[in-house]
Amino acid sequence: MTILRCKWQTLRCFATTFVLLTASPVFADEPVLGEFEERVIGYEAATGLADPISRLQAQLTAGKLRLRYDARRGYLPALLQALNLPVSSQGLVFSKSSSQAEWTSPHTPRAVYFGDDASVAWTPGAPVIDIASVDPVRGPLFYTLEQRPGKSPRFERQADCMRCHLGPRTLQVPGLVVRSFFTASNGAPLASVDDFVVGHQSPIRERWGGWYVSGTHSGQLHLGNTFSPDPERPDEINLLAGANVTDLRRRFDSAAYLSPHSDIVALLVLEHQVQMQNHLTVASYETRYALAERSPTAGPVPADLSPMSVWPERRIAIAGERLLEYLLLRNEAPLAGPVRGTSKFAREFTRAGPTAGGNRSLRQLDLHRRLFRYPCSYLIHSPAFDALPAEMKNYLWRRLEQILTGQDKSETYAGLTPAERQAVLEILRATKPEFAAWLRK
């Protein structure tokens, strides 16, 4: 028997615990951002939105598209198809740690599906579907869709769910969150895994508490598929019981779901993507704040800032460096051995991205030593990256050239081999026309 013992903190109040895509009605009357920040970003604006759900709602309103209502799963199948979210991306959360806690349990886990710029969460019997939809400028926006048949289903914007989606875990911007909990056999979260960090930084042994995980792995054990038998010592778990599970069908009624899988590879990619998107949102916000601070026509700025200050340039640089470190996977926790999923996710994910010579792509997976074959995030091809202000992108292009051509010899990037730098440089030159044009200049 293998027992995990790590730091943990008992939750003071169950109502304060949430997982990815929460839409809980808290702080409904308070602004999401400060006055200056809202004036610059327009997060709560109702117009000018460019996220996938806003575009989908416009099609529905114009009668150009209809969402078919399924008697068993409501709008879920039609919504995934409309948003082009693969069923193979399904991850299953059995901890009661979201706005759908009343309907979530080990027998009825909450299913999460994701693509590059949208995520959907569905639980059997829940009255709404939760959606996070990424606007290229504003970052993730949160919506719900009522599970009632009708001619004109309408997405309701949820700007009041910032208890979990705006704080340290989201880098202090509206963002996405994945959590890991020690969980009782009834689905109640007993304690958070304190050492778990959102993103690809956490080692496997700290991931997926409160989640089902299907797939094989070696070298490390994870927290998935396990329950804490003792509420007083929730971190004492037999991890072997949840290791290398390839069939989840005996654990819940998988026929109620679109897939019987909660693929380990999909979960690895999801965790990388969640924090990558948060870094993109930070880079967007910080640059726009900096530009507003130094603009004489931007209106009042915080008292400790001045349009003549050097802080705006530093603000862009700090956010840019944090983004680059995550983009180039400098803080990724290594895999200790081969990882293999149980669904089509790895194959479908790899096919989705643009390719360079030799059929190389940033979506190619390694799954032995690390998640990706090439050390650069595929979200460099996302609308959120493309929408970064020119000042931020110029900073990133200059630094990427320095790093990928070996001019940057700092400790941060010392782990990048010459071959890896060259491969990423060639892939970006072939698949990122804006970067290629910048290099030619």
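Restricted to the range 399-428, and to residues there that are free of Cβ contacts under 8 Å to residues at least 40 places away in the same chain, out of contact with any Lys or Arg (no Cβ under 8 Å at 6 or more places or on another chain) and buried (at least 17 other Cβ atoms within 10 Å of the Cβ), the residue that is nearest to Leu362 (Cα to Cα) is Leu425. The residues of the range 379-427 that are within 24 Å of Val274 (Cα to Cα), of a type in the set (Gly, Ala, Ser) and in a helix (DSSP H, G or I), listed by number, are Ala384, Ala390.
When the test is whether a residue is surrounded by 22 or more Cβ atoms within 10 Å (Cβ to Cβ), among the acidic types (Asp, Glu) and in contact with a strand residue (DSSP E or B) (Cβ under 9 Å, 6 or more places away or on another chain), Asp194 does not pass it.
Residues in the range 97-122 that are in a loop (DSSP other than H, G, I, E, B) and either of a type in the set (Ser, Thr, Tyr) or modelled with pLDDT of 95 or more (or both): 12 in all. Quickly run through the range 93-135 and pick out the residues that are in contact (Cβ under 8 Å) with a residue 60 or more places away in the chain, touching a Pro at 6+ places or on another chain (Cβ under 8 Å) and more than 22 Å from Glu271 (Cβ to Cβ). Within the range 93-135, Thr108 is the sole residue that qualifies. Gln364 satisfies every condition listed in (1) without any contact (Cβ under 8 Å) to a residue 24 or more places away in the chain; (2) more than 30 Å from Ser214 (Cα to Cα) except (2). All told, Glu146 meets the bar of being touching a residue at least 12 places away in the same chain (Cβ under 8 Å), farther than 25 Å from Ile41 by Cα, not assigned by TED's automatic domain parsing to the domain that holds Lys344 and not β-branched (Val, Ile, Thr).
Scanning the range 256-274 for residues that are crowded, with 23+ Cβ neighbours inside 10 Å, within 9 Å of the chain's Cα centre (by Cα) and either not β-branched (Val, Ile, Thr) or not in a helix (DSSP H, G or I) (or both) returns Glu271, Gln273.
Here's the yes/no breakdown for (1) modelled with pLDDT under 95; (2) farther than 27 Å from Ser284 by Cα; (3) of a type outside the set (A, V, I, L, M, F, W, C); (4) in contact with a strand residue (DSSP E or B) (Cβ under 7 Å, 6 or more places away or on another chain):
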residue	(1), (2), (3), (4)
Pro375	no, no, yes, no
Ala390	no, no, no, no
Thr417	no, yes, yes, no
Glu426	no, no, yes, yes
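Filter the range 315-328 for residues that are surrounded by fewer than 20 Cβ atoms within 10 Å (Cβ to Cβ) and among the aliphatic types (A, V, I, L, M) and give the result. Within the range 315-328, Ala317, Ile318 meet the criteria.
The values are calculated or read from the model by the stated rules, or taken from the named source; none is laboratory data. These numbers were taken from a predicted model, which means no experiment stands behind them. Please note: Cβ atoms are built from the backbone with ideal geometry, for glycine as well, and neighbour counts cover all protein chains shown.
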